[in-house]
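Report on the following structure.
The values are calculated or read from the model by the stated rules, or taken from the named source; none is laboratory data. Values in this document were obtained by computation on a predicted structure and should not be read as measured data. Because the Cβ atoms are built from the backbone with ideal geometry, glycine has one as well, and the counts that use them run over all protein chains shown. Quick note on the areas: whole protein, heavy atoms, side chains included, nothing else; ligands and nucleic acids left out. Shrake-Rupley method; radii C 1.70, N 1.55, O 1.52, S 1.80 Å.
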Amino acid sequence: MVVGVLQLHLAVPEAMSLKDKRRAIKGLKDRLGGRHNISVAEVDDLDEHRSSVLAVAMVANDRRFTDSCLSKIVDEVRDQRSVTLVDYNIELF
């Protein structure tokens, strides 16, 4: 069993309020969760209206598959218009 954890540090440059940020982050979480077999949660910068930290968790039985899927998620987040990927970290256990 392999557990993959992806931490995404995001900027939300268009957000003028927490409501704007939460709308953008919720949309991103819903899209990612719907397309991939993952769990997504906002884990830091909850009260900052222009930044967010998301954690993505995935469990699988193949290390290369897990790494590949998490890398695809990073690429997908890079293509989003509502957020800007600042940094990310992938860990496999």
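A few notes on this one:
- Only protein atoms count toward the accessible area here, which uses a 1.4 Å probe; on the chain, the carbon and sulfur part of that area reaches 48 percent.
- Set of aspartates and glutamates with alpha-carbon distance to Lys72 below 17 Å, sequence-local pairs under 8 removed: Asp30, Asp62, Asp87, Glu91
- About the Cα centre, charge dipole magnitude for the chain (Lys/Arg +1, Asp/Glu -1 at Cβ), debye: 360
- Per residue, the chain exposes 62 Å² of solvent-accessible protein surface, assessed with a 1.4 angstrom probe and all protein chains in place.
- Evaluating 6.51 cos²θ - 1.76 cosθ + 1.60 at θ = phi - 60° for every residue in the stretch 15-21, the Karplus couplings come out as 6, 9, 8, 4, 5, 4, 4 Hz, glycine and proline recorded as x.
- Listed values for the stretch 55-65 are Karplus-derived 3J(HN,Hα) couplings in whole Hz (6.51 cos²θ - 1.76 cosθ + 1.60, θ = phi - 60°), namely 10, 10, 10, 9, 10, 8, 10, 10, 5, 5, 4, and x replaces Gly and Pro.
- The chain: calculated mean residue ellipticity at 222 nm from DSSP helix runs of at least 4, using -39500 (n - 2.57): -12500 deg cm²/dmol
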